[in-house]
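What follows is a set of notes on a single structure, which appears directly below.
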Amino acid sequence: MTPTELTRAAQKGDAAAFAALMEMHHNRLYRIAYAYLHNEGDALEAIQEATYRAFRKLKKLKKPSYFSTWLIRILLNYCADERKRKFRFSPVTEIRESSRWDRPEDPDLAAAVAALEPEYKQIIILSYFEGFSLTEVADILEIPAGTVKSRLHRVLGKLRDQLEPKGEQSS
């Protein structure tokens, strides 16, 4: 069955179809959640919560072909809420685990991406680390493609300025 057919079947109450959909998306969901939350346990909890929310709201999904972007949006919303909650209730110092995209040969890049504002970090993670096209990123984030392009241009400039050695920056 295609993902769209699985989604339609799941909307009609087929639990096996829903499980197949979630299995199909599990690795990508984990990478996204881990990139945001920097902790395996938190990432797995985020996937569990996103799965629960998707299951509860599945019948409200109007276009089954958009299941993937809809599911990722649910996950991103949960991750954003969780980060806000942890920031409010955690001590200032935090032990950070290395994420999958924290490459030892470029720790400055990982630190720079981790420090970005959420609207920029989402675009970098989805487009560069997860390989979504700009149109797909726009669909997931529910913003116009032009906004994605302008934010991407802006954030790449910021990252370039932060990461280039001072003597090499062009004016």
Return yes or no: is S171 closer than 22 Å to E45 by Cα, polar (S, T, N, Q), open to solvent by 70 Å² or more (accessible area, probe 1.4 Å) and at pLDDT below 85?
no
Against the conditions (1) modelled with pLDDT under 85; (2) exposed (fewer than 12 other Cβ atoms within 10 Å of the Cβ); (3) not in a helix (DSSP H, G or I), where does K62 fall short? Just the number, please.
(1)
In the range 105-121, residue nearest to R73 (Cα to Cα) [restricted to those that are surrounded by 14 or more Cβ atoms within 10 Å (Cβ to Cβ) and touching a helix residue (DSSP H, G or I) at 6+ places or on another chain (Cβ under 6 Å)]
Y120
Which one is modelled with the highest pLDDT, of the residues in the range 127-149 that are out of contact with any Phe, Trp or Tyr (no Cβ under 8 Å at 6 or more places or on another chain), of a type outside the set (A, V, I, L, M) and within 15 Å of L116 (Cβ to Cβ)?
S127
Tabulated pairs, the range 100-118, first in a loop (DSSP other than H, G, I, E, B), second among the β-branched types (V, I, T) and at pLDDT 55 or above, C-beta under 7 angstrom, 6+ apart or interchain:
L116/I124; L116/V155
Going through the range 33-58 one residue at a time, which ones are of a type outside the set (G, A, S), at pLDDT below 95 and assigned to a helix (DSSP H, G or I)?
Y34, Y36, L37, E40, D42
How about the range 23-46: which of its residues are over 19 Å from V137 (Cα atoms) and buried (at least 17 other Cβ atoms within 10 Å of the Cβ)?
L37, H38, N39, D42, A43, A46
Residue under evaluation F67, criteria (1) under 12 Å from the mean Cα position of the chain (by Cα); (2) open to solvent by less than 30 Å² (accessible area, probe 1.4 Å), criterion not met:
(1)
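Criterion first (farther than 19 Å from Y120 by Cα and in contact with a Leu (Cβ under 7 Å, 6 or more places away or on another chain)) does I32 satisfy it?
no
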Determine whether E5 is under 19 Å from R56 (Cβ atoms), modelled with pLDDT of 95 or more, part of a helix (DSSP H, G or I) and among the acidic types (D, E).
no
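The values are calculated or read from the model by the stated rules, or taken from the named source; none is laboratory data. On a predicted model such as this, the values are computed, not experimentally measured, just so you know. Here Cβ is always computed from backbone atoms with ideal geometry, including for glycine, and neighbour counts include all displayed protein chains. When the accessible area is computed, the model is the full protein with side chains, heavy atoms only, and any ligands, DNA or RNA have been set aside. Shrake-Rupley method; radii C 1.70, N 1.55, O 1.52, S 1.80 Å.
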